[in-house]
Amino acid sequence: MKLLKFYTDSFRGLSPESWMLALVMLINRSGSMVLPFLGVYMTDQLHFSIQSAGLVLSLFGTGSVVGSWLGGMATDRFGEFRVQAFSLLLSVPLFCIIPLFRTEIGLAAIMFVLSSVSEAFRPANSVAITRYAKKENLTRVFSLNRMAVNLGFSIGPAMGGILSAFSYDLLFYTNAAAALLAAVTYIAFFRKRTYRNTETKQENTRKTVQQSPYKDVKFIVFCVACMIFSVCFFQFLNTLTIFYKEVAELSQKQIGFLLGYSGFIIVLMEMLLVQMAERNFPLKVTMFLGTLLCGISFALLRFDHSLAVLIISMTVLCIGEIWTLPFMATITAMRSGIHNKGAYMGLLGIAFSISFMITPFVGTSVAEKLGFNVLWISTAVIFTLVAIAFYFIVPWMIGKDEKKN
């Protein structure tokens, strides 16, 4: 009963605006069913070569870098409401016209534009969280949004698989409908809202920086560490599934079970574990432990391929993810000033977007040339080094060792 109370308490005290931001994110990401099936669409429906399909996917990743940068800059200039509304609304016609582009160059161009527009949403959404969340609940609200993203990505691909069996065009149109529903929901709720949480000059002291994040050396170092972390972590989305299939010899059903299990752990445990970390650990310790656990999860793959160990590895990875990713956004919000939060969130987003571009190539190349065992041990070593780096970078950047509250 005490555990149940502690769990339910982790959801209490969140503002209505925070719940609505999570709902909008859930609707939007539930419609994100195009990307998982884009490669199949290009090779099966449009008869592209694998190399051409890879080029289009790379342009999508490049667009996400541009979108993070533009979204951050535009948020500081025009406000997070306008940027989020614009991103969601403009995504609707862009999804609808994708079927009109049937050449490699044409599809690459429209996917670049689409990802630039859609990814502009992320830094604006992060800034909105800092404006509407109660200050003492900031990391929990970021976690709530991450739960919405994970739940949406669980729903989206499942729906996408059903829709693509009937028609790929239907897949794109449904994605457009989800973006429109998210836009209408967001605009209707937030167009007359006033910020719940604003900074004062007194609060905007030594920890915050008013200059551009691109001139903030400490924050750039932090973003580089976040990018290296992400390059290692996001093997979860590509190299790890290849390992499951070719080395662990799991069936498609078993791979689906493991991926679904990870989403279930995130949704079930994130708020509880975040609150536990907030109450007991300084930020530098939370980031250190979370990153180290991610390294341990990959190291386990070097020694045993049984299903039981794979489940343990995934569980450890999920706990590490929970104690790292939402706190990155919190630290970014703490470092930024009153008028540059969008740019700071945008630069953090760029770090993640770059990792999406690097990870598939690096992970598969190392696995092919040196083997998966070398890949997993190397990944664990890099995670350990990044964990140590976070332990020193975080207090160096935001002040003396302290808890978020």
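List of remarks:
- Contact order normalised by residue count of the chain, Cα under 8 Å, 6+ apart, percent: 26
- Measure of compaction for the stretch 206-272 (Cα Rg per 2.2 N^0.38 Å): 1.68
- Estimated purely from DSSP H runs of n ≥ 4, each contributing -39500 (n - 2.57), the mean residue ellipticity at 222 nm for the chain is -26000 deg cm²/dmol once divided by its residues.
- All Cα-Cα separations within the chain were binned at 10 Å from zero, giving a P(r) of 5, 22, 34, 28, 11, 1, 0, each value a whole percent of the pairs.
- Relative to the Cα centre, the charge distribution of the stretch 60-151, modelled as +1 at Lys and Arg Cβ and -1 at Asp and Glu Cβ, gives a dipole magnitude of about 320 debye.
- Apportionment of accessible area to carbon and sulfur, the chain, percent (1.4 Å): 69
- Proximal charge balance of V362 [Cβ under 12 Å; K/R count +1, D/E count -1]: 0
- With R₀ fixed at 56 Å, the C-beta to C-beta distance from T315 to A177 puts the FRET efficiency at about 0.95.
- H305 contributes an accessible area of around 70 Å² to the protein surface, as traced by a 1.4 Å probe with all chains present.
- Förster radius 41 Å - calculated FRET efficiency between F78 and R12, Cβ distance, rounded to 0.05: 0.75
- Cα shape, the stretch 336-405, gyration tensor, a/c 1.5 rule: oblate
- Percent of Cα pairs exceeding the 17 Å cut-off, where the set is the stretch 270-405: 65
- Residue-count net charge about S115 - beta-carbon cut-off 15 Å; Lys, Arg +1, Asp, Glu -1: +1
- Applying 0.36 nm per residue to the separation of T43 and L100 and subtracting their alpha-carbon distance, the gain on full extension is 18.9 nm.
- Sites count as exposed loop sites when they are trypsin sites (Lys or Arg not before Pro), lie in a DSSP loop, and have at most 11 other Cβ atoms within 10 angstrom; the longest stretch of the chain without one is 207-399.
- Span-rule helices in the chain, defined as complete DSSP H runs reaching 18 Å or more along the axis (Cα) with Kyte mean at least 0.0: 16-30, 50-78, 80-97, 104-119, 138-166, 168-190, 217-233, 252-280, 283-300, 307-322, 341-370, 372-398
- Each Lys and Arg adds +1 at its Cβ and each Asp and Glu adds -1 at its Cβ; summed about the Cα centre, the chain shows a dipole of about 1440 debye.
- FRET efficiency, 1/(1 + (r/R0)^6) with R0 35 Å, evaluated for V217 and F303 via beta carbons: 0.30
- Flagged links, alpha-carbon separation over 23 Å, of K284/K341; K135/K215; K253/K369: K135/K215; K253/K369
The values are calculated or read from the model by the stated rules, or taken from the named source; none is laboratory data. Since we're looking at a predicted model, the values are computed, not measured. Note: ideal-geometry Cβ built from the backbone for every residue, glycine included; neighbour counts use all protein chains shown. Surface areas here come from the heavy atoms of the whole protein model, side chains and all, with no ligands, DNA or RNA. Shrake-Rupley method; radii C 1.70, N 1.55, O 1.52, S 1.80 Å.
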